[in-house]
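So the structure is just underneath, and the comments pick up after that.
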Amino acid sequence: MKYSQGFFPVFPALFFLLSCSGPLIPGSYTLTAPPLPESWAFLRSLSWHIEWMDNDGRWRQEEAGSGLGMVSIESGETWTGAVLAWPHWPGLGCGKGVFRPAGAILPFDCSGDRVTLSWQGGIDAFFYRELARLGWGSSRGPDRFDWPRFRDLFSGGNAASSAPLPEIRDDPWLVDWTGVAEKTIASGFDRRRLVSAYTGTISVPVPAAGPWAASSPFAKPPPAGDLWELKTAPWVDTLVSPQGVLKVSRDGFVWLPGNVPE
């Protein structure tokens, strides 16, 4: 099944008044972070890099410590908005963009003046940002996209014929979302593009005992053993252990030993 124009309704300002709890749109929102994945528990000194679109349609950014709830943002009043929260660890060598973000789409994830971020919302917000970068204001921009219908693809409410493959539902970061955004702006959204970009493999001698944290919050840590057969995509993936950082791509791998700071 192909979706194109049907994925791009126009959301009037009244929609926002009805979607957030309370009679009026708040002037600003306070963010609530999601729980960290269990496999990231050994990583300490967490910080967040926040990105959002303001009332003028410009992307803003702010650094925050682990107390994400202290950050307040403003967002547009006449269109859907997006918030990205990138986790990173100063001194680890894994800055903003290495670990996948949490996120939210406004007004769907707001309650009064509070926005609840989630890891699934990070997929939505990243896709929103890519659509905005490529086609803000166009008929296929994120301000006209049918976000409830898109989210339903991952909620289990779709028939098997229209839902993504199980591996994509389990870890949507397998998808090349930038590539999907480019094709969506060009010709409309098609759920058949939601396939894994991990089409290569590489053998990697296991460099340390672990535990291991993968950059995707949905990814399972690699199994124990002396040799990993890892799937690879066009981009570089990162695995972190208390003993160092492993970078993996189709072209090879690099092990950067060193104690991960706590």
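Bear in mind that the values in this text are calculations on the coordinates, not laboratory data. The structure presented is a predicted model; accordingly, all values stated were derived computationally and were not measured. Neighbour counts are summed over all protein chains in view; Cβ atoms, including those assigned to glycine, are modelled from backbone coordinates with ideal geometry.
Any chance you could run the full-extension gain for D152 through S138? It's 0.36 nm times the residue separation minus the Cα-Cα distance, nm to one decimal.
Numbers: separation 14, 0.36 × 14 = 5.04 nm, distance 2.35 nm.
Extra length available between D152 and S138 comes to 2.7 nm.
Please give the residues of region 98-140, grouped as numeric ranges, whose backbone N is less than 12 Å from a label point set 7 Å along the Cα-to-Cβ vector of T32. 109-118, by backbone N distance to the label point. Mind giving me the nanometre distance, one decimal, between the label points for K231 and T116, set 7 Å out from Cα along Cα→Cβ? For the pair K231/T116, the computed spacing is 3.0 nm.
For K247, the aspartates and glutamates whose Cα comes closer than 19 Å to its Cα, not counting residues fewer than 8 places off in the same chain, are D176, D226, E229, D237.
Straight-line reach from K183: taking Cα to Cα under 12 Å and skipping same-chain neighbours fewer than 8 places apart, the aspartates and glutamates in range are E130.
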